[in-house]
1. Is it the case that residue 50 is part of a loop (DSSP other than H, G, I, E, B) and at pLDDT 95 or above?
2. Check off (1) without any contact (Cβ under 8 Å) to a residue 40 or more places away in the chain; (2) surrounded by 15 or more Cβ atoms within 10 Å (Cβ to Cβ); (3) not in a helix (DSSP H, G or I) for residue 25 and give me the number that stays unchecked.
3. Taking region 28-41 only, how many residues are under 21 Å from residue 68 (Cα atoms) and either without any contact (Cβ under 8 Å) to a residue 12 or more places away in the chain or outside any helix (DSSP H, G or I) (or both)?
4. Would you mention how many residues in region 53-71 are modelled with pLDDT of 95 or more, exposed (fewer than 12 other Cβ atoms within 10 Å of the Cβ) and farther than 15 Å from residue 8 by Cα?
5. What are the residues in region 1-22 that are in a helix (DSSP H, G or I) and surrounded by 14 or more Cβ atoms within 10 Å (Cβ to Cβ), if any?
6. Please specify each residue of region 30-40 satisfying the condition of being farther than 21 Å from residue 53 by Cβ and surrounded by 16 or more Cβ atoms within 10 Å (Cβ to Cβ).
């Protein structure tokens, strides 16, 4: 059985972002991502929703909000 490359929970997402991608979750970066993901007129946000769906978009937004509380 193969594991999905798309994270399906906060811990998997956090590992993907910080370990596999090497992105530091600074308050500035997280705030920027939250703003972008909340802006449905944002080109990249619209494409994200088209590719991954509304449900996953909402999950990722909630994970960024959770990360913001923890940093």
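1. Considered against the rule, which asks whether it is part of a loop (DSSP other than H, G, I, E, B) and at pLDDT 95 or above, residue 50 comes out as no.
2. (1)
3. Adding up the residues that qualify gives 7.
4. Counting residues in region 53-71 that are modelled with pLDDT of 95 or more, exposed (fewer than 12 other Cβ atoms within 10 Å of the Cβ) and farther than 15 Å from residue 8 by Cα gives 2.
5. Once the filter is applied, which keeps residues that are in a helix (DSSP H, G or I) and surrounded by 14 or more Cβ atoms within 10 Å (Cβ to Cβ), region 1-22 yields 10, 12, 13, 14, 16, 17.
6. Matches in region 30-40: 30 only.
The values are calculated or read from the model by the stated rules, or taken from the named source; none is laboratory data. Here the structure is a predicted model, which means the values were calculated and not measured. Here the Cβ is made from the backbone with ideal geometry for all residues, glycine too, and neighbour counts use every protein chain on show.
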